[in-house]
1. From the Cα gyration tensor of the stretch 62-105, with a ≥ b ≥ c the square roots of its eigenvalues, which class applies: rounded if a/c is under 1.5, or else prolate if a/b is larger than b/c, or else oblate?
2. Under a Cβ-only charge scheme (Lys and Arg +1, Asp and Glu -1), can you give me the dipole magnitude of the chain about the Cα centre, in debye to the nearest 20?
3. Which whole-number percent is the relative contact order of the stretch 38-140 (Cα, under 8 Å, 6+ apart)?
4. Scan (1) 11, 36, 34, 16, 3; (2) 12, 42, 34, 11, 1; (3) 10, 31, 33, 18, 6, 2, 0 for the value of P(r) over Cα pairs in 10 Å bins from 0, in percent calculated from this model and give just the label.
5. Multiplying the sequence separation of residue 15 and residue 116 by 0.36 nm and subtracting their Cα-Cα distance, what value in nm do you get?
6. Any idea which of 31, 109, 121 is furthest toward the positive side of the dipole for the stretch 30-132, if Lys and Arg beta-carbons carry +1 and Asp and Glu beta-carbons -1?
7. Please list, in order along the stretch 31-36, the HN-Hα scalar couplings obtained from phi with the Karplus expression 6.51 cos²θ - 1.76 cosθ + 1.60 (θ = phi - 60°), rounded to whole Hz, x for Gly and Pro.
8. Taking H as built 1.01 Å from N, whose amide H comes closer than 5 Å to the amide H of residue 40, not counting residues under 5 places away?
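Taken together, the values in this text are just the output of simple stated rules run on the coordinates, not laboratory data. In this text, all values refer to a predicted model and were calculated from it rather than measured experimentally. FYI the Cβ positions are ideal-geometry reconstructions off the backbone, even for glycines, and counts take in every protein chain you see.
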Amino acid sequence: MTTEQTRDTMKAYADALLAFGDYGRYLAGDVSMTFMGTGRAVTGRDAVRQTINFFHETAFSSAIELKSLVCGDGEAMIEAEFIGTHIGEFEGIKPTLRPVRVPYSVAYTLADGEITALRLYFPFEVLMRQIAGVEELHRV
């Protein structure tokens, strides 16, 4: 994919994701999502969509604040912030209703107008400290 095609696909995906619309149509059927540094990964459009929805609608009532998007030929990277409230069980912790605000990045690989891989660089330890109430939220 050209840089322009990559940018167009990522913009459409980001718009749908930020609106919690039909972002799944931009995911390849065999897309993989890896949480880097954790050993956690899911494969397949439905599994990736379920994982994203779990984070944003089940475990947390959240929003994504997109900071930047960088695109190249078939590759893209975002910098964002996960902002929400802990409303559902997460990692064995019952809902605390605590606010969370976690900066993160995602690297994407694209082919034929679809996202084929997402590699999340998400600091789970920051999220867990905020859920536990041991870390103040700082605006990035």
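1. Values: a/c = 4.57, a/b = 2.60, b/c = 1.76.
Prolate is the answer for the stretch 62-105, as a/c is 1.5 or above and a/b outweighs b/c.
2. Working: 13 positive and 19 negative charges, 78 e Å.
So the dipole magnitude of the chain works out to roughly 380 debye.
3. Working: 164 pairs, mean separation 19.7, N = 103.
Reported relative contact order: 19 percent.
4. Recomputing P(r) over Cα pairs in 10 Å bins from 0, in percent here picks out (2).
5. Working: separation 101, 0.36 × 101 = 36.36 nm, distance 1.80 nm.
Gain on extension, residue 15 to residue 116, equals 34.6 nm.
6. Value: 121.
7. After applying 6.51 cos²θ - 1.76 cosθ + 1.60, I find 4, 10, 10, 10, 8, 4 Hz.
8. Correct list: 35.
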